[in-house]
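Got a structure for you, written out below as structure tokens; questions coming shortly.
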Amino acid sequence: MAHTLFITFGTRPEAIKMAPVVLELRRRERFRVVTCLTGQHREMLDQVVEGFSLPIDHDLNIMRQRQSLGHITSAVLDGIDPLLEAEKPDLVMVHGDTTTTFAAALAAYYRMVPVAHVEAGLRTDNIYSPFPEEMNRRLADRLADIYYAPTAAARKALLAEGASPERIVVTGNTVIDALLATASTPAPPWETKLARALERPGPKVLVTVHRRESWGTPMERVAQAIKRVSEQSPKITFLFPIHLNPAVRDVFRGALDTVRQVVFTEPLPYRSFVHLMKAADVVITDSGGIQEEAPTLGKPVLVMRDTTERPEGIEAGTARLVGTDGDVIARELLLLLTDRSAYERMANAVNPYGDGHAAERIADHLEYRFGLRTTPPADFSGYTP
Ligand code: UD1
Ligand code: UDP
């Protein structure tokens with residue numbers, strides 16, 4: 001009988017980053033693969049599931065409007081437990097640092113099922129930044145048995161916390177698998193509003209913002225910075241696929257709806273978003289995944305956060321940490337868009353986060369772990385800090 005892998009994810013980025021793993025494992029047909037959505041996100045998750053044609057076996061459908069962290073944690077724990085009892089998996093796989101990740105790992109631990117953590121070992125030194133992701137991933141790593149660390153730096157962080165070296169595999173980040181596969185497809189037809197925006201002369205700045213620790217005043221400062229830059233440089237167009245969280249929409253729609261240079265869209269399907277990144281000149285974001293994707297596409301990124309668990313892009317020179325101070329954001333953005341050499345220094349296509357083969361390494365390692373292969377995969381060695 002094939003071993004059962006129970007793969008769970010709940011939000012847009014987890015789905016994008018687990019899609020290559022699910023598809024690779026299913027293609028090989030060495031395991032019984034059971035997928036479980038927590039539904040922490042709804043529309044934004046469904047968009048990805050549809051885009052990658054992911055087969056889904058269970059859906060806890062837990063999302064509520066303006067949900068609390070307590071709701072997500074308890075609903076995931078309650079929802080997954082009976083599924084683990086019924087499916088009797090040999091391994092539960094979780095991804096990243098969302099509350100789905102932590103709660104699913106805890107549910108597996110309560111059933112004494114080993115956990116494999118994909119994207120293990122990312123760290124900042126501040127448990128409140130990003131919040132609650134820094135604690136979610138630390139707790140998931142405490143609960144995990146296998147660590148799929150994306151980079152050598154993540155491996156180092158796990159070792160420093162006492163993880164056994166034989167439990168860690170450096171795989172590269174699976175987001176680069178998803179990105180490379182998607183970026184090589186033709187651009188999709190744009191919705192009219194975006195097509196018009198892309199035809200405008202002048203630089204294009206792609207914006208995304210959503211982090212919980214930035215709700216309220218920090219987001220208001222970001223909105224004011226965008227407004228100020230729009231007033232100072234009428235040629236700049238901001239392309240802003242806005243997150244569905246009402247806490248985000250209230251701030252940005254309120255402040256920027258009347259600013260002609262800001263073009264809002266609904267969250268975009270992954271393929272459209274990747275091609276929009278390719279079309280943009282600069283990305284300003286607080287996203288984790290986009291910090292990993294932009295360097296591969298050679299796009300300068302201003303990271304609107306106080307900390308990052310992804311120092312590789314900064315060391316490689318493609319990303320810059322600018323915080324949420326409106327003056328700093330406006331200054332750095334204007335510098336990039338007006339000083340050609342400052343732009344060229346950041347616009348390097350580098351691949352510190354992966355080489356497009358992370359899912360293969362994970363599948364190879366799982367086969368090794370379950371005795372279906374005699375040798376473990378070699379580590380991803382694309383980048384050494
Ligand atoms: C969550 C993750 C965060 C991740 C982000 C990716 C936690 C605590 N946060 O943050 O780590 O970086 O996803 O985007 O795990 N909503 C919808 N439809 C959707 C998605 C969200 O309406 O498809 C609205 C709902 O009102 C929901 C709110 O957004 O209550 C917030 O969603 P939630 O998952 O709690 O937080 P995110 O900020 O999306
Ligand atoms: N993304 C997308 N559509 C959008 C905005 C982002 O498909 O409209 C993708 C993006 O390419 C990246 C991921 O979603 O892979 C990032 O998600 P998000 O910023 O919500 O979460 P984080 O990475 O910060 O956890």
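Those residues that are within 13 Å of ligand 1 (Cβ to nearest atom), more than 20 Å from Ala359 (Cα to Cα) and in contact with a helix residue (DSSP H, G or I) (Cβ under 7 Å, 6 or more places away or on another chain), I need them from segment 66-97; list them, please.
Answer for segment 66-97, where residues must be within 13 Å of ligand 1 (Cβ to nearest atom), more than 20 Å from Ala359 (Cα to Cα) and in contact with a helix residue (DSSP H, G or I) (Cβ under 7 Å, 6 or more places away or on another chain): Arg66, Leu69, Ile72, Thr73, Val76.
Of everything in segment 324-377, what is of a type in the set (Gly, Ala, Ser) and under 24 Å from Asp90 (Cα atoms)? Give them in sequence order.
Narrowing segment 324-377 to residues of a type in the set (Gly, Ala, Ser): 326, 330, 341-342, 347, 349, 354, 356, 358-359, 363, 371.
Scanning segment 324-377 gives Ala358, Ala359, Ala363, Gly371.
Please work out which residue is farthest from Glu266 (Cα to Cα), limiting yourself to segment 216-255 and to residues that are surrounded by fewer than 16 Cβ atoms within 10 Å (Cβ to Cβ) and among the small types (Gly, Ala, Ser).
That would be Gly216.
Would you check if Asp97 is under 21 Å from Gly289 (Cα atoms), in a loop (DSSP other than H, G, I, E, B), within 18 Å of the chain's Cα centre (by Cα) and within 16 Å of ligand 2 (Cβ to nearest atom)? Lay out the reasoning, then the answer.
Values: under 21 Å from Gly289 (Cα atoms): yes; in a loop (DSSP other than H, G, I, E, B): yes; within 18 Å of the chain's Cα centre (by Cα): yes; within 16 Å of ligand 2 (Cβ to nearest atom): yes.
Yes, satisfied.
Can I ask one more? When both residues are 6+ apart or on different chains and their Cβ atoms are under 8 Å apart, which pairs have a first residue that lies in segment 307-320 and is assigned to a loop (DSSP other than H, G, I, E, B), and a second that is surrounded by 24 or more Cβ atoms within 10 Å (Cβ to Cβ) and of a type in the set (Ser, Thr, Tyr)?
Listed pairs, sorted by first residue: Arg310/Tyr353.
Answer yes or no: is there a residue in segment 265-275 that is of a type outside the set (Phe, Trp, Tyr), in contact (Cβ under 8 Å) with a residue 40 or more places away in the chain and surrounded by 23 or more Cβ atoms within 10 Å (Cβ to Cβ).
Yes: one or more hits.
In addition: Is it the case that segment 75-87 has a residue that's touching a His at 6+ places or on another chain (Cβ under 7 Å), in a loop (DSSP other than H, G, I, E, B) and more than 14 Å from Glu14 (Cβ to Cβ)? Quick ask: steps written out before the conclusion?
Residues of segment 75-87 that are touching a His at 6+ places or on another chain (Cβ under 7 Å), as a first pass: 83.
Filter again for in a loop (DSSP other than H, G, I, E, B), leaving none.
No: segment 75-87 contains no residue that is touching a His at 6+ places or on another chain (Cβ under 7 Å), in a loop (DSSP other than H, G, I, E, B) and more than 14 Å from Glu14 (Cβ to Cβ).
Let me ask something else about it. Which of the residues belonging to segment 107-133 are surrounded by 19 or more Cβ atoms within 10 Å (Cβ to Cβ) and more than 25 Å from Pro20 (Cβ to Cβ)?
Pro132
Do you know which residues across segment 139-162 are within 16 Å of ligand 2 (Cβ to nearest atom) and under 25 Å from Leu69 (Cα atoms)?
Listed by number, the list holds a single entry, Ala140.
Anything in segment 291-302 that is surrounded by fewer than 22 Cβ atoms within 10 Å (Cβ to Cβ) and either assigned to a helix (DSSP H, G or I) or touching a Leu at 6+ places or on another chain (Cβ under 6 Å) (or both)? List them, or say none.
Leu297
Sort out which residues of segment 249-271 are in a helix (DSSP H, G or I) and within 16 Å of ligand 1 (Cβ to nearest atom), and write them in order of number. Steps first, please.
Pass one, segment 249-271, residues in a helix (DSSP H, G or I): 249-256, 270-271.
Correct list: Arg249, Asp250, Val251, Phe252, Arg253, Tyr270.
Every number here is computed from the coordinates shown, using simple stated rules; none is lab data. From a predicted model like this one, the values you see are computed outputs, not experimental measurements. Positions of Cβ are backbone-derived with ideal geometry, glycine not excepted, and every protein chain shown enters the neighbour counts.
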